[in-house]
1. Output the number of the condition that VAL235 fails; it satisfies all remaining conditions of (1) farther than 21 Å from ASN139 by Cβ; (2) hydrophobic (A, V, I, L, M, F, W, C); (3) surrounded by 24 or more Cβ atoms within 10 Å (Cβ to Cβ).
2. Out of all the residues in the stretch 264-298, which are open to solvent by less than 30 Å² (accessible area, probe 1.4 Å) and within 30 Å of TRP156 (Cα to Cα)?
3. With respect to the numbered conditions (1) in contact with a helix residue (DSSP H, G or I) (Cβ under 6 Å, 6 or more places away or on another chain); (2) closer than 16 Å to TYR290 by Cβ; (3) not charged (D, E, K, R), which one is the sole condition not fulfilled by ALA54?
4. So, of the residues in the stretch 108-135 that are in a helix (DSSP H, G or I) and without any contact (Cβ under 8 Å) to a residue 24 or more places away in the chain, which turns out to be most open to solvent (accessible area, probe 1.4 Å)?
5. Taking the residues in the stretch 258-310 that are aliphatic (A, V, I, L, M) and without any contact (Cβ under 8 Å) to a residue 12 or more places away in the chain as candidates, determine which candidate is farthest from ARG187 (Cα to Cα).
6. Please go through the stretch 208-223 and give me each residue that is open to solvent by 60 Å² or more (accessible area, probe 1.4 Å) and in contact with a Gly (Cβ under 9 Å, 6 or more places away or on another chain), ordered by number.
7. Taking the stated definitions as given, is SER171 among the polar types (S, T, N, Q) and closer than 22 Å to ASN45 by Cβ?
8. Do we have TYR196 as on the phi < 0 side of the Ramachandran plot and touching an Asp or Glu at 6+ places or on another chain (Cβ under 8 Å) here?
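The values are calculated or read from the model by the stated rules, or taken from the named source; none is laboratory data. Only a predicted model underlies this, so the values are computations on that prediction, with no experimental measurement involved. Using ideal geometry, Cβ is built from the backbone for each residue, glycine included, and neighbour counts are taken over all protein chains shown. Just so you know, the surface numbers come from the protein's heavy atoms only, side chains and all, with ligands and any DNA or RNA stripped out. Shrake-Rupley method; radii C 1.70, N 1.55, O 1.52, S 1.80 Å.
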Amino acid sequence: MAFTNTNRPTRRLPLDPSLIVVALLLAAVVAVGFALSDRFGTTRNFMNVLEQAAALGFASLGQALVVIVGGIDLSIGAVVTASTVFMAGVVDLHPALMIPMIFGTLLFGAAIGFLNGFAIIKTGVHPLIVTLGTASILNGTVLIYTLQPTGGVPFWFEEFAYGRLGVIPISGLVMLLCFAVVWFLLRYSKTGRAFYAVGGSPEAARLNGIQSNRIILMAYSAGGFFAALSGTYFVSRTGVGDPRIGDPMTLASITPVILGGLVLGGGKGNILGVLLGVFLISLISNLLNYMNVSTFIQWVIQGLIIIFAVSIYVQKCKKL
């Protein structure tokens, strides 16, 4: 007689605790928003949040890729600024170059990221120092060129920042597609798995046949690319190159990465958590705007959120 084992465990997909935490925080902010403002819970407001989250989303996605391989990029904000001034300055002089300059600006950002990675590999200096130096060089160069918003782009280019497909903002849709593509590549491609392997242990990755230096260069190049994409969004939104617009973006790009549960030492984390972190920060800012809280106080609150998230991360590491 054959017997069936009724106690056989069912296979379940593991749940990432970080995703659960940030999702609960997101739900809490939405609930508070509904309670405090009738306008907060409208489709129009949520679509506006998606539109305004694009710049932070692009920058945070680039930062996340660098963090996954065990690095950090403090030049993100400077690349955002330099990209806006570079694009607006050239297009203002040569309007016919608008479309080529879109690709040229993205290539510019990727090139800066590549140089960051190359310097880190060749010198052995910590990424924090290298990228901080790059940020200083870029910011100084931009301020030598201009101290005030400059340049301009054609009126039609504002469609990237303000255009809609139905009710969905084009910039927000592009951000979601970027996250989807990166998530798919990290999860299902050989190169994506190599990112996590290098972040976990570069030496072990090398012994397993992974070209660690190549992966590091790819990560920093991607970080620069997405920072330039964030700068492109700002040019579309403001119509000029602003020498100060990227200043808050470095800190801002790290916040969703930490909230999303990525390990700062590299090798672990889900890129979807970063996307939820972007939405969390964007919704908090949106809610605070409805409450007439000043931008400067919002920066204080963002700093407190970072300290809170890092403290949780440190406590979790101590228990391991």
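1. (1)
2. LEU275, VAL278, ILE281, SER282, LEU283, ASN286
3. Result: ALA54 fails condition (2) only.
4. Checking each candidate, the answer is LYS122.
5. Checking each candidate, the answer is VAL293.
6. Of everything in the stretch 208-223, those that are open to solvent by 60 Å² or more (accessible area, probe 1.4 Å) and in contact with a Gly (Cβ under 9 Å, 6 or more places away or on another chain) turn out to be ASN213, MET218.
7. yes
8. no
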